[in-house]
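Novice: Below are the structure tokens for one structure; questions will follow.
Only the coordinates and a few stated rules stand behind these numbers; no lab work does. The structure presented is a predicted model; accordingly, all values stated were derived computationally and were not measured. So basically every Cβ, Gly included, is an ideal-geometry build from the backbone, and we count neighbours across all protein chains shown.
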Amino acid sequence: MSVGHDDGQTPPAPRVLTSAPWVVVVLGVGLLTALLLIVLFSLRGPEPVRQAAPAPAPPMYLPTMSAPTASAPPADVPLASVDANASPTPSGSESPSPKASSARPSASAAGAPGVARTGTVTARYQVTRSERDFFEARLTVTNGSARSQNWRVELLFGGNVKSVQASSASGVSVSSQGNGVFVLTSTGPLGSGGSATVQMRFTRTGTGDRPGECTVNGAACAIG
């Protein structure tokens, strides 16, 4: 008696699974991944709604104050300058009149050579000729005051000037005080506004024809 084969066909799935077991592993991993994603989304909950940022507040403008301008004084009010050094004057009394300052020449101006003072007696010394052993000069004396005056001129030379000869139409006396000092004195008063010219001749040894000092009535006279 022979054993017969079953005509029914075996399902292909078990055969495939038995021949390729990695397919089962892949299916299992995919199933587990799907389950994990479902669990995560269920635990996360709904996403919070983002609130829109508030709109910026409109800018505030503070009122500006203009700088105060100095008001001009009325046109009919005169402007007067105030002297800080002036002392107040009592009301009802007249202010004292300023005293006129007297015109007095300074000592430096009077003693400077070449400067002639007005209102008094002045003199000018000028060299007119110069040679080896002598020189000649002219002395002009002018009375600028309002009255007649006598005059006295002193000439101070160095020791090299030895003697002097003088001639004058109005009259003059000459004296020597030694060491080159010579004094010329008028023999009479010189009238107001008048002038006297004295021609002089000096002898010398060496050089030099100008005095180191020239005075008329104590004040410096002009040289040159």
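Novice: Charges only on Cβ, +1 for Lys and Arg, -1 for Asp and Glu: so what's the dipole of the range 113-223 about the Cα centre, in debye to the nearest 20?
Specialist: 120
Novice: If you don't mind, another one. State, to one decimal in nm, how far the label point of Gln177 lies from the label point of Thr215, with both points 7 Å from Cα in the Cβ direction.
Specialist: So the two model labels end up 0.7 nm from each other.
Novice: State, in angstrom, two size descriptors of the range 133-216 derived from its alpha carbons: Rg to one decimal place and Dmax to the nearest whole number.
Specialist: Taking only Cα atoms of the range 133-216, I get Rg and Dmax of 13.2, 43 Å.
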